[in-house]
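*Asks:* I'd like to ask you about the structure that follows.
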Amino acid sequence: MLSLAVGVAVSPVPIIAVVLMLATPRARANGPAFVLGWVIGLLVVGGVVLAVSGGAGASDSGEPADWVSVLKMALGVLLLAVAVKTWRGRPRDGADGDLPKWMQAIDTFTPPKAFGMAALLSGVNPKNLLLTVAAAAAISQTGASDGSQVGALVVFAVVGTIGPGIPLAIYFGMGDRAARILEDLKGWMARNNTAIMAVLCLVIGAKLIGDGLTGLG
């Protein structure tokens with residue numbers, strides 16, 4: 001589950017979004033609102049999957065149910081497809097990758113809008129949705145108590161928020177040096193956005209397929 005959480009955390013777009021928000025007049029409100037929305041989005045999607053998986057019998061006599069292993073394999077294949085599509089659409093000749101158009105209006109964001117955008121990015125973004133569904137299914141198939149499963153989901157959400165949370169920690173903890181560090185971080189993420197996404201989806205997709213095959217075996 002932790003590898004899936006890391007896959008969610010290392011997402012260039014939300015990290016860049018937080019950096020951009022921290023350069024606006026509403027930085028001290030929008031930054032924390034965005035990170036909070038990111039956590040809530042992961043918890044909501046993960047909670048729904050936990051509830052559905054529990055009702056569908058993700059654990060059978062203490063062992064993972066076969067359908068969960070099949071689901072992992074299917075999610076792995078989808079992530080491999082995302083990796084291929086992302087790599088094929090990479091910028092050519094060393095050009096920077098295109099960032100979402102909504103980032104152009106980020107200086108007009110209010111805290112509720114920052115919160116809502118983060119919740120959408122963490123919960124509905126295809127890559128994060130696949131990873132969160134896989135993580136919640138993995139948690140559910142353990143057959144642990146409801147409290148333990150909720151605790152594991154919270155750990156997943158917290159680890160998955162480390163990426164967007166790092167710029168916030170830099171901003172509030174490093175004073176005058178923060179601006180230069182954040183600008184360098186934003187530039188590096190923008191230049192390597194496609195490669196990071198493709199490699200993450202490739203590695204985690206292969207892992208999910210392997211986990212699914214192991215479960216069926």
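The values are calculated or read from the model by the stated rules, or taken from the named source; none is laboratory data. Remember, it's a predicted structure, so these values are computed and weren't measured experimentally. Note: ideal-geometry Cβ built from the backbone for every residue, glycine included; neighbour counts use all protein chains shown.
*Asks:* I'm checking my understanding of the structure. Among residues of segment 60-111 that are crowded, with 17+ Cβ neighbours inside 10 Å and outside any helix (DSSP H, G or I), which one is modelled with the highest pLDDT?
*Replies:* F109
*Asks:* Scan segment 191-203 and tell me whether some residue there is closer than 16 Å to A17 by Cβ, more than 21 Å from the chain's Cα centre (by Cα) and either outside any helix (DSSP H, G or I) or not hydroxyl-bearing (S, T, Y) (or both).
*Replies:* no
*Asks:* Any idea which of K85, K101 is basic (K, R) and closer than 30 Å to L50 by Cβ?
*Replies:* Details: K101 fails: closer than 30 Å to L50 by Cβ.
Just a single option satisfies the conditions, and that option is K85.
*Asks:* T161 passes all but one of (1) touching a Lys or Arg at 6+ places or on another chain (Cβ under 9 Å); (2) buried (at least 20 other Cβ atoms within 10 Å of the Cβ); (3) of a type outside the set (A, V, I, L, M, F, W, C); which number fails?
*Replies:* That leaves (1) as the condition not met.
*Asks:* Here are F156, F115: which of them is within 26 Å of A74 (Cα to Cα), in a helix (DSSP H, G or I) and among the aromatic types (F, W, Y)? It would help to see each step written out before you state the result.
*Replies:* Working: F115 fails: within 26 Å of A74 (Cα to Cα).
On inspection, the qualifying residue turns out to be F156.
*Asks:* Moving to a separate point now. Which condition from (1) at pLDDT below 90; (2) over 14 Å from the mean Cα position of the chain (by Cα) is the one that L2 breaks?
*Replies:* (2)
*Asks:* Further question on the same structure: Would you check if there is a residue in segment 139-149 being under 17 Å from the mean Cα position of the chain (by Cα) and not in a loop (DSSP other than H, G, I, E, B)? Let's see the steps before the verdict.
*Replies:* Taking segment 139-149 as the starting set, the residues that turn out to be under 17 Å from the mean Cα position of the chain (by Cα) are 139.
Still in the list and also not in a loop (DSSP other than H, G, I, E, B): 139.
Among the residues of segment 139-149, at least one is under 17 Å from the mean Cα position of the chain (by Cα) and not in a loop (DSSP other than H, G, I, E, B), which makes the answer yes.
*Asks:* Hey, could you check segment 179-202 for residues that are in contact (Cβ under 8 Å) with a residue 60 or more places away in the chain and more than 28 Å from L129 (Cβ to Cβ) and say which is surrounded by the fewest Cβ atoms within 10 Å (Cβ to Cβ)?
*Replies:* Of the residues in segment 179-202, the ones in contact (Cβ under 8 Å) with a residue 60 or more places away in the chain are 179, 182-183, 185-186, 189-202.
Still in the running and more than 28 Å from L129 (Cβ to Cβ): 179, 183.
Working: A179: 15, E183: 12.
Among those residues, the one meeting the criterion is E183.
*Asks:* Among the numbered conditions (1) farther than 30 Å from A206 by Cβ; (2) of a type in the set (D, E, K, R); (3) without any contact (Cβ under 8 Å) to a residue 12 or more places away in the chain, tell me where K85 comes up short.
*Replies:* It is condition (1) that K85 fails.
*Asks:* Would segment 170-177 turn up any residue that is at pLDDT below 90, part of a helix (DSSP H, G or I) and in contact with a helix residue (DSSP H, G or I) (Cβ under 7 Å, 6 or more places away or on another chain)?
*Replies:* No: zero hits.
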